[in-house]
1. Taking region B:212-237 as the region of interest, how many residues are part of a helix (DSSP H, G or I) and over 8 Å from the mean Cα position of the chain (by Cα)?
2. Would you tally the residues in region B:231-252 being more than 8 Å from every other protein chain (Cβ to nearest Cβ) and either more than 22 Å from B:Ser39 (Cα to Cα) or in contact with a Lys or Arg (Cβ under 8 Å, 6 or more places away or on another chain) (or both)?
3. Among A:Leu380, A:Leu372, A:Leu343, which is within 14 Å of chain B (Cβ to nearest Cβ) and more than 22 Å from A:Asp272 (Cβ to Cβ)?
4. Go through region A:317-376 and tell me which helices (runs of 4 or more DSSP H), entirely inside it, have 1 or more residues that are within 17 Å of the chain's Cα centre (by Cα).
5. Just checking: which of the helices (runs of 4 or more DSSP H) contained wholly in region B:122-195 hold 2 or more residues that are small (Gly, Ala, Ser) and in contact with a His (Cβ under 7 Å, 6 or more places away or on another chain)?
6. Within region B:45-71, how many residues are more than 13 Å from every other protein chain (Cβ to nearest Cβ) and assigned to a helix (DSSP H, G or I)?
7. Tell me which of these B:Cys82 doesn't satisfy, since it passes every other one: (1) over 15 Å from B:Met168 (Cα atoms); (2) in contact (Cβ under 8 Å) with a residue 12 or more places away in the chain.
8. If a residue counts only when it is facing another protein chain (nearest Cβ under 9 Å), farther than 13 Å from A:Phe192 by Cβ and in contact (Cβ under 8 Å) with a residue 12 or more places away in the chain, which strands (runs of 3 or more DSSP E) contained entirely in region A:241-287 have at least 2 such residues?
Amino acid sequence: MSKWFRENAPISARDLTEEFMRLKRGSVTRRHFLGVTGLGLAAAVLARQPGLFSSEAYAAEDLGSAMSLATWPNYHDPATFEAFTAATGVAVEVNVFGSNEEMLAKLQAGGTGWDLFVPTNYTISTYVSLGLIDPIDLAKVPNFDPKTQNTRFTNEGTVDGKVFALPKNWGTTGIAFNSDKVKSPVTSWKEFFEVAMTEADGRAMVHDYQLTTIGNALVSLGFSFNSVKPEELAKAEELLIKVKPHLYAINSDYQPSMRASDAWMTMCWTNDGAQLNRDIPEIQFVLGTDGGEIWSDFYAVPTSAANKPAGYALLNFLMDPQNAVKEHVANGAPTTDSRVLSLLPAEITGNKIVYPDEAALTPLEFGAAVTLTDPARAELMARFKSA
Amino acid sequence: MPLTMTTKRRLVTTALLAPASVWLFVFLVLPFIAMMVFSVGERGPAGGYQTAFTFAQYANLPARSAAYWNTLMLAPVGAFVCLIVAYPTAYYLAVKANPRYRLLLVSLVVVPFWTSLLVRTYAWMYILGSRGIPNLLDMIGIEDVRLLNTPGAVLLGIVYGYLPLMIMPIYVSLEKLDRRLLEASADLGAKPVSTFFSVTLPLSLPGVMTGVALVTILLLGEYLIPQLLGGGKVFFIGNALVDLFLQSRNWPFGSAIAVTLVAIVVVVLMVAMRIAWRISGTRQVDLV
């Protein structure tokens, strides 16, 4: 510290320490401490900066200085959180996960510190029955408008007439493949598993995720994506174990491998497909003609959240169409909100990866709650991975 | 009543040992008891734990036999490959290297530990991935070589990650080696090779045993390297545990597997210590 700075400072470091110790001992009041150190003045000045700590919308409640969000990889525009921090003074810590099961496991174990998180449709009823999430206090989310939402994607956020989760976006689980490397047609899950064992031998990836890996294997055999019937699961297991030696990896984080051309084909979520195709046009994204998954992701507030005011503030911020539209441009997933849809540029709403034709969606199924807790599917996954 | 010397000494010893004992009790004994209790419980309907008293989880252990088998194969094989690579290095450092540079060379072995294993394993992902070595091979006409996500990559990662833990104990035991014994062996007409096998190697066996035990035990719990360099296709006990707690949320079964793994580690450790004691014990007698 240079001399002139010390001379001009309202208080020297030593005096500050001494005053602080006096404050801690209780021999001076907080008001005295803030007064002599100049910190009170600094805080008062900062507080008057419009939009920095107390823009009107957030003035009502104390939001604290930090909050925690649990979400998925490559799923947000980092600028969104910077804008939120600038508007409210609350820093957002982002944790990313590879499966809904993992999020549920963390919440069941307790002590996550999450104030907001992003569960998928089929898990919400389980979270509600376990008492792990709060009903949404819609009064705190004035930016959310149920009338502009597409209920096909949002109805699973409501359990027993109560809203427990607000929609983030919807999407599909399809097939991404590098058309420079894979020349055989891949239009269905049946073809996905065939090509994985032939032309893309050693170069195909499946998710480290029971729902999609087992589900798509079931679909390729003509069964339901959500089946828990023992004889159908047995056939899916047989297929997966036959395919396994030919796979490049079992991993839900496939973007790095696809971008490096280490992998040529993978199970892929809409938003990742759109991002990959945007940066590397030869990576194409198709939906299985034989079926697969359609899903919607939600925002929910854990019962255990430490900073609910900040969680709600971020939720309300994200429900603002002006903010949401930037998120959708960045992450490439389709929106459930007609207000956002109208703000999106035509090259996004016209992108068949993000907004496929209705006919392509018809064979797809929403994940079912039973798959989340079914021990048979969990054990099948373990046998597949250890085979 | 005045304290006697022995009582005082006991009190001091107790006071000195107390922090370590409390630490071990809170962070080792209590969690282990919790794990034992969980392992005889039942999985809740949505996962987690439900109070019960049953050995069903232990009866179910064969469901992870593949993971046990992979682990019990990998740990000794990995430790053996580490040993093959580490022994000549340690020998060079302790016996052949110029004493002036010895300290520098030994610290070079340890330097990688300054960076997290996770970061170093990620570095290997890029070296072995398409843009790394396969890309260079492609330039000289060898196409479509795949190194990443193969068992070879896992073995490479393991040797790379655990090598320093094998080198150091062997180095220490070789450094203590009395050179006069080697001279005596030569004077008595032994060729260098037979001197190595009848003098140097036996005297360094305690270090070898320590290194093998250390690496084997750590490998029994290995999770990261197979996940990152094996593409999640190579499945060890560590991976089974992660899935049971983070995916299927079957805490009782996970606890039963963990308890069994601890039991295996204890057996490995006891056998290794017995062998090491026997070797070092007899050698000491010989030297006197």
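1. Filtering region B:212-237 down to residues part of a helix (DSSP H, G or I) leaves B:212-220, B:224-229, B:237.
Now restrict to residues that are over 8 Å from the mean Cα position of the chain (by Cα): B:224-229, B:237.
So the answer is 7.
2. 4
3. Working: A:Leu372 fails: more than 22 Å from A:Asp272 (Cβ to Cβ); A:Leu343 fails: within 14 Å of chain B (Cβ to nearest Cβ).
Step by step, each of A:Leu380, A:Leu372, A:Leu343 is checked, and only A:Leu380 is within 14 Å of chain B (Cβ to nearest Cβ) and more than 22 Å from A:Asp272 (Cβ to Cβ).
4. Numbers: elements: A:321-331, A:338-343, A:346-349, A:358-361, A:369-373.
It comes to A:321-331.
5. Details: elements: B:133-139, B:151-175, B:179-187, B:192-195.
Because the criterion is at least 2 residues that are small (Gly, Ala, Ser) and in contact with a His (Cβ under 7 Å, 6 or more places away or on another chain), no helices (runs of 4 or more DSSP H) in region B:122-195 meet it.
6. 2
7. Going through the list (1) over 15 Å from B:Met168 (Cα atoms); (2) in contact (Cβ under 8 Å) with a residue 12 or more places away in the chain, B:Cys82 breaks only (1).
8. Working: elements: A:247-250, A:265-269, A:283-286.
Once the strands (runs of 3 or more DSSP E) in region A:241-287 are filtered for at least 2 residues that are facing another protein chain (nearest Cβ under 9 Å), farther than 13 Å from A:Phe192 by Cβ and in contact (Cβ under 8 Å) with a residue 12 or more places away in the chain, what remains is A:247-250.
The values are calculated or read from the model by the stated rules, or taken from the named source; none is laboratory data. Only a predicted model underlies this, so the values are computations on that prediction, with no experimental measurement involved. Glycine also receives a Cβ, built like all others from the backbone with ideal geometry; neighbour counts cover every protein chain displayed.
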